[in-house]
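**Student:** Would you mind keeping the following structure in view while I ask a few things?
The values are calculated or read from the model by the stated rules, or taken from the named source; none is laboratory data. Just so it is clear, the model here is predicted, and its values are computed rather than measured. Cβ coordinates were reconstructed from backbone atoms using ideal geometry, including for glycine residues, and neighbour counts include every protein chain displayed.
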Amino acid sequence: DVKVTQSSRYLVKRTGEKVFLECVQDMDHENMFWYRQDPGLGLRLIYFSYDVKMKEKGDIPEGYSVSREKKERFSLILESASTNQTSMYLCASSNQGSPSTDTQYFGPGTRLTVL
Amino acid sequence: LAKTTQPISMDSYEGQEVNITCSHNNIATNDYITWYQQFPSQGPRFIIQGYKTKVTNEVASLFIPADRKSSTLSLPRVSLSDTAVYYCLVGPYGGDSWGKLQFGAGTQVVVTP
């Protein structure tokens, strides 16, 4: 059974802190995604990675960075957390191919609150 | 980019058919339409995908008219366990398509006894 895990279900951080959100997939997928999910806005792509050390900016990359040192792991980094980054963060992975049409497998999400 | 519009919410009773329409007026020739389902405290999961006409699987049917400017996800005889948020995704097939995928805002479907 395919599995995408995220390091935390809930996180509470303070403004200005550096925050790491970790995602691991066990499907040997090349593509990995980080999304932000907000009420009324749906899922918005923050970053996409198609290979180790490769990344592409999505729709809302400002204030975020990513790291992919191993194929199975994709990290989202908030360099200096702000209150407007309070949100649900979802990680996903898919096979090499077409990112927008191939099936994406999502993790359970991390609800981040920045105080 | 094919901006997508979905109803915010829909209510239904058990055993009824639920139809959720997604509007994508500026869909491109090589765009596909994909639907995902998200239960509370879980990530979205794939339900169905289509390009034109009708697609059916064990979970749902997807109807796409000839002009492809909208699509309708049909859930037959819903049960309480179909209560979820349903997302419409439009995007092209292609290795560089990450920049073009567009999720809708989602439709909350609530099924009551």
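**Student:** Out of B:Thr5, B:Thr21, report the one residue that is β-branched (Val, Ile, Thr) and closer than 16 Å to A:Gly40 by Cα.
**Tutor:** Just one listed residue meets the conditions, B:Thr5.
**Student:** Let me ask you something else. Within 22 Å of A:Asp102 (Cβ to Cβ) and at pLDDT below 95: which single residue out of B:Thr5, B:Thr29 fits that description?
**Tutor:** Exactly one residue qualifies, and that residue is B:Thr29.
**Student:** Scan segment A:75-115 residue by residue and report those that are of a type in the set (Val, Ile, Thr) and within 9 Å of chain B (Cβ to nearest Cβ).
**Tutor:** A:Thr101, A:Thr103
**Student:** Going through segment B:5-28 one residue at a time, which ones are within 14 Å of chain A (Cβ to nearest Cβ) and either in a loop (DSSP other than H, G, I, E, B) or out of contact with any strand residue (DSSP E or B) (no Cβ under 8 Å at 6 or more places or on another chain) (or both)?
**Tutor:** Scanning segment B:5-28 gives B:Gln6, B:Pro7, B:Ile8, B:His24, B:Ile27, B:Ala28.
**Student:** Filter segment A:11-42 down to the residues that are of a type outside the set (D, E, K, R) and within 11 Å of chain B (Cβ to nearest Cβ) and list them by number.
**Tutor:** Within segment A:11-42, A:Cys23, A:Asn31, A:Met32, A:Phe33, A:Tyr35, A:Gln37, A:Pro39, A:Gly40, A:Leu41, A:Gly42 qualify.
**Student:** So, one more: Select the strands (runs of 3 or more DSSP E) contained entirely in segment B:40-112, then report the ones holding at least 2 residues which are hydrophobic (A, V, I, L, M, F, W, C) and within 14 Å of chain A (Cβ to nearest Cβ).
**Tutor:** Filter on segment B:40-112 gives B:45-50, B:84-92.
**Student:** If you don't mind, there's one more thing I want to ask. Among the residues of segment A:43-74, write down those that are within 13 Å of chain B (Cβ to nearest Cβ) and outside any strand (DSSP E or B).
**Tutor:** Within segment A:43-74, A:Gly58, A:Asp59, A:Ile60, A:Pro61 meet the criteria.
**Student:** So, in segment B:57-69, of the ones that are modelled with pLDDT of 95 or more and closer than 24 Å to A:Gln37 by Cβ, which residue ends up surrounded by the fewest Cβ atoms within 10 Å (Cβ to Cβ)?
**Tutor:** B:Ala60
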